[in-house]
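Presented below is the structure to which this report refers.
All of the numbers you see were taken from the coordinates with simple rules; none came from a lab. Nothing here was measured: the structure is a model prediction, and the numbers come from that model. Here Cβ is always computed from backbone atoms with ideal geometry, including for glycine, and neighbour counts include all displayed protein chains.
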Amino acid sequence: MPAAPLIAYKNVAKTFDSGRVVAVDGVSLDVAEGEFLAIVGGSGSGKTTLLRLANRLIEADSGTIAVEGEDVSSVDPILLRRRIGYVFQSGGLFPHLTVAGNVGITPKLLGTPPTEISARVDELLDLVRLDRSQYRDRLPHELSGGQRQRVGVARALAAKPRIVLMDEPFGALDPLTRDALSDDFRELHRKLGLTTVMITHDMTEAILLADRIAVMRGGRLLAQGTPKELSESGDAYVGELLRTPRRQAERLGALLPREISA
Amino acid sequence: MNFLSDPRWAEALGHLPDYLGNHVRVSITALALGLLVSLPLAIIARHRPVLRGALLGLASIVQTVPGLALLALFYPLLLALAALSLSWFGTGFSAFGFLPAVLALALYSMLPVLRNTITGLQGVEPAILEASQGVGMTPRQSLFSVELPLALPVMMAGIRTAAVWVIGTATLSTPIGQTSLGNYIFAGLQTQNWVFVLFGCLAAAVLALAVDQLLALIESGLRHRSRLRTALGGIGIAALVAATLVPAAIRAQGGYIVGAKTFTEQYVLSALIAQRLDAASLPATTREGLGSSVIFEALAANDIDVYVDYSGTLWANQFQRTDIRPREVLLAELKTLLAKRNITLLGELGFENAYALVMPRRRAEQLGIRSIADLASRAPTMSIAGDYEFFSRPEWTALRKAYGLSFRGQRQMQPDFMYAAVASGEVDVIAGYTSDGLIAKYDLVALTDNRRAIPPYDAIMLLAPKRADDDRLRKALAPLLGRIDIATMREANLRASGNDATSSPAAEAQWLWEKVRKK
């Protein structure tokens, strides 16, 4: 018998515009402790809504969502958000706060003493591989896209959450930065024993990073499982999504020489 | 004489602590009140489109009301409220000067603050708002640590605009009894003292710039998280306030306040009264440039202690009488009417300052015009100019009725400019004042009013209710009663309106006293 899931969606539904737009339509999904789950889908598939339901940035219309065994509707949403890390698309950093101010914001909200926050900020900058002396006091606009996203990850981890939610965290980065950053995050996930839910529209990224993949379309959960399990799904859309990375890989294999000198 | 060595600069400088102090006090209070109301309103309204529209609409309407009118409207409004408060709670308050000025100016400051605060808060990116929610901020924490700091530059731009507007518009609070840098401008315009006008404008401009720059310093300090700059800006503002409050606080309070309306003769007479009281060891200050009905209500409410009015003005304006009475009868009746409001009619000064139709002597002789009746037949080809109130006053109605007057055109002018206008032929006839020195200066003639359409306008001294039994005051003023004849007053007025260095109202009051005491 596996342990109880850390995040459990049960028959969850959400509509916008007084019912005219169905964003999430009867989704049930479990995320086990220590798991790295990727939610894949096109725009309008409901993947972002599903993610935000977990920390109550959006409230569900029906169904239940349990986080660490507790029904989120019975938890203070502010306190809930402070114990779940959240990485925004292209950082979402506060432009008027320094790197240290951004990273330390959640501990500050939790009332952590300043000296402790300061030490924690240094620790986190090391963790996301940013030179503390160089970046600590910079403002977000003085950073590159990759550096900003590293700060975003550090901020999400600041209050030592067990769960990290990521909204297309690497989407806006150039391929090399993206590769380095996703490898680094995968390592952090393992080292810190996190439970991570990441949204992406890129199946290749999902396959390379995640333990399990959930495929969304039109608000419904079409399929979920390891890449291998998904490839056995009979769904045409899922099949289409999986064919693309394979085709790309085959073409790349044919076009690129085996060894590339460094 | 050299323009810069003009002694009027020194005189203007002497008034600076008083005028500037009052100006800063009323401006800063109004701005603080405006911010106190506008900022929370803007924050409440930012997510409520209906309220936001209503607030901005209302503030825009207020902004379209000319500053002088807005200030003037607050006086009767507060007067009515004060009366209401007196009858309901047993305590009234002064509707004169500071309070109406602060309220009107605060209202005036609201639009830029409301608009910029709302715009600034709405300009915060939705992604940033989501992030503040996502990291676990309460709406309040998000407002104070994210939204307001990000909206600050736009908000401060609004606050700076409001500050400059308030400081500029505060110069218009002089006619409702609030001493301000506008005293220079109003007095200067009336007595053709361009040094005063210039000085007042410069002082107001320098003050506005200084406050604007101090606010800019605070803004840059807040934006760059520089405690030093924020503190320097704050200290600057505080120092400005303190520096202007100190002389006002040191100056003895509780002295006598002598009121003056907005024309030369009133400036001279109020200076004369103040000098007489000072000579009798009764400390006195003047409150100049007051509107005609403001000054009467201020006296009735004990906000000023003494001033000179004219029998016909009170008869027609304050008591709404349209019947024309012989001089003695009118004075006697007026005394009774005033007594009902506990105002003492101390006595007449000895001259009359009536409205009169005035034209160049030479032209009148050419046309054979000596009286208003002679003028009537020529009137349809002529134009007439009067001060801002004349054409809406009962005298004008009475004149037209009595003589069947009908002019080709009529214009309103600043009183001191009318005489030059009629002398140069810009207009044919003006409604001037019989005691005005400019009649002699420009060789004009006042046409006789055989049918007595214009009521008598004896200059009379009025005392506030609380001064009714003040014998020292009565004794100090007694030497002025019945001693100033029309020729002397005209000469004093002419001297005071001269555009030269020695023609200040105070100097002319001295001259007048020398003439009067010899009688």
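Under 14 Å from a point placed 7 Å out from the Cα of B:Ala205 along the Cα-to-Cβ direction: which residues of the stretch B:145-189 have their backbone N that close? Inside the label zone: B:168. Mean partner shielding of peptide B:124-135, defined as the number of other chain Cβ atoms within 10 Å of each residue Cβ, is 6. Considering only B:Ser497, B:Ser435, B:Leu481, the residue lying farthest towards the positive end of the dipole of the stretch B:435-499 is B:Leu481, judged by Cα position with unit charges set on Cβ.
Report the relative contact order of chain B, percent, no decimals, based on alpha-carbon pairs under 8 angstrom and at least 6 residues apart.
Taking the mean separation of contacting Cα pairs over the length of chain B, I get 16 percent.
Dividing the summed helix terms, -39500 (n - 2.57) for each DSSP H run of n ≥ 4, by the number of residues in chain A produces a 222 nm estimate of -11500 deg cm²/dmol to the nearest 500. Modelled label positions at A:Asn11 and B:Glu333, each set 7 Å beyond Cα in the direction of Cβ, lie 9.3 nm from each other. For chain A, taking the reciprocal of the average inverse distance between every pair of different Cα atoms yields a Kirkwood hydrodynamic radius of 19.4 Å.
Take every Cα pair under 8 Å whose residues are at least 6 apart in sequence, average their separation, divide by the length of the stretch A:97-161, and the relative contact order is 50 percent. Orientation-averaged projection of the protein assembly as shown equals 50.6 nm² [convex hull of Cα atoms, one quarter of hull surface area].
Simple rule: put +1 on each Lys or Arg Cβ and -1 on each Asp or Glu Cβ in the stretch B:7-250, find the dipole, and look at B:Leu56, B:Thr169, B:Ser226; the Cα lying farthest toward the positive end is B:Ser226. Each of B:Asp443, B:Asp278 was scored by other Cβ atoms within 10 Å of its Cβ. Listed from fewest to most, they are B:Asp443, B:Asp278. For the pair B:Ser406 and B:Leu73, a Förster radius of 30 Å applied to the C-beta separation gives a FRET efficiency near 0.35, rounded to the nearest 0.05. Axis of helix B:194-223 versus longest Cα principal axis of chain B: the two differ by about 10°, to the nearest ten degrees. With 0.36 nm allotted per residue and the present C-alpha distance subtracted, the B:Tyr388-B:Arg472 stretch has 26.5 nm of extension available.
Rounded to the nearest 10 degrees, the inclination of helix B:264-279 to the longest alpha-carbon principal axis of chain B is 90 degrees. Largest GNM mean-square fluctuation across A:Ala249, A:Ala223, A:Ala172, computed for chain A with C-alpha springs under 10 Å, falls on A:Ala249.
Using R₀ = 45 Å, calculate the FRET efficiency as 1/(1 + (r/R₀)^6) where r is the Cβ-Cβ separation of B:Ser377 and B:Arg341; round to 0.05.
On the way: r = 44 Å, r/R0 = 0.97.
Approximately 0.55, to the nearest 0.05.
Protection proxy ranking of B:71-79, A:122-130, by the mean of other Cβ atoms within 10 Å over each peptide's residues and highest first, is B:71-79, A:122-130.
If you restrict to DSSP beta bridges whose two residues both lie in the protein assembly as shown, what percentage is antiparallel, to the nearest 5? Walk me through the numbers before you get to the answer.
On the way: 37 of 67 bridges.
Of those bridges, close to 55 percent are antiparallel.
Helical runs assigned H by DSSP (4 residues or longer) give chain B a calculated mean residue ellipticity at 222 nm of -19000 deg cm²/dmol, each run adding -39500 (n - 2.57) before division by the residue total. Projecting label points 7 angstrom from Cα along Cα→Cβ for B:Ala127 and A:Glu240 puts them 2.9 nm apart. Straight-line cross-link partners of B:Lys340 among the lysines, defined as a Cα under 16 Å from its Cα and at least 8 positions apart when in the same chain: B:Lys466. Which percent, to the nearest 5, of DSSP beta bridges fully inside chain A are antiparallel? So the antiparallel bridges in chain A amount to around 55 percent. Here the stretch B:338-373 is scanned for amide nitrogen atoms under 12 Å from the site 7 Å beyond the Cα of B:Thr448 along Cα-to-Cβ, giving B:370-373. Between rounded, prolate and oblate, where does the stretch B:1-81 land on the alpha carbon gyration tensor, with a ≥ b ≥ c its root eigenvalues, rounded for a/c under 1.5, else prolate if a/b exceeds b/c? Prolate shape, in that a/c is at least 1.5 and a/b is the bigger ratio.
Here the spin labels are modelled as points 7 Å beyond Cα on the Cα-Cβ line, and at B:Leu245 and B:Ala280 they lie 3.6 nm apart.
The mean sequence separation of alpha-carbon pairs under 8 Å and at least six residues apart, normalised by the residue count of the stretch B:7-250, gives a relative contact order of 28 percent.
Among B:258-270, A:67-79, how do they line up from the highest to the lowest mean number of other beta-carbon atoms within 10 Å?
Working: B:258-270: 26.1, A:67-79: 14.2.
Listed from highest to lowest mean packing, they are B:258-270, A:67-79.
Neighbouring Cβ atoms from other chains, within 10 Å of the Cβ of residues in A:89-99, number 4 on average. Scaling the Cα radius of gyration of chain B by the globular reference 2.2 N^0.38 Å produces a ratio of 1.13. Check cross-link reach from B:Lys515 to the lysines: straight Cα distance under 29 Å, and skip same-chain residues fewer than eight apart. B:Lys515 reaches B:Lys261, B:Lys335, B:Lys441, B:Lys475. First check a/c for the stretch A:97-161, with a ≥ b ≥ c the square roots of the eigenvalues of its C-alpha gyration tensor; if it is under 1.5, answer rounded, and if not, answer prolate when a/b is larger than b/c or oblate otherwise. It comes out prolate by the Cα gyration axes.
Could you give the size of the charge dipole of chain A about its Cα centre, using +1 on the Cβ of each K and R and -1 on the Cβ of each D and E, expressed in debye and rounded to the nearest 20?
Details: 33 positive and 34 negative charges, 52 e Å.
It comes to approximately 240 debye.
Please give the contour-minus-distance gain from B:Arg48 to B:Glu514: 0.36 nm per residue of separation, less the Cα-Cα distance, rounded to one decimal in nm.
Values: separation 466, 0.36 × 466 = 167.76 nm, distance 6.92 nm.
So the extension gain works out to 160.8 nm.
How high is the FRET efficiency between A:Ser43 and B:Leu16 when r is their beta carbon distance and R₀ equals 51 Å, given to the nearest 0.05? Write down the numbers at each step before the final one.
On the way: r = 68 Å, r/R0 = 1.33.
The value I calculate is 0.15.
With the Cα gyration tensor of the stretch B:167-215 giving a ≥ b ≥ c as the square roots of its eigenvalues, does the rule (a/c under 1.5 for rounded; else a/b larger than b/c for prolate; else oblate) give rounded, prolate or oblate? In terms of gyration-tensor shape, oblate.
What percent antiparallel are the DSSP beta bridges of chain B, to the nearest 5? Write down the numbers at each step before the final one.
Details: 17 of 29 bridges.
Restricted to chain B, the bridges split so that about 60 percent are antiparallel.
Can you find, among A:Ser73, A:Val40, A:Gly63, the residue sitting farthest towards the positive end of the charge dipole of the stretch A:30-86, where Lys and Arg contribute +1 and Asp and Glu -1 at Cβ? Sorting the options by dipole projection puts first A:Val40. To make sure I understand the rule: partners must be lysines, Cα under 26 Å from the Cα of A:Lys160, and not fewer than 8 residues away in the same chain. Which ones qualify? A:Lys160 reaches A:Lys47, A:Lys108, A:Lys191.
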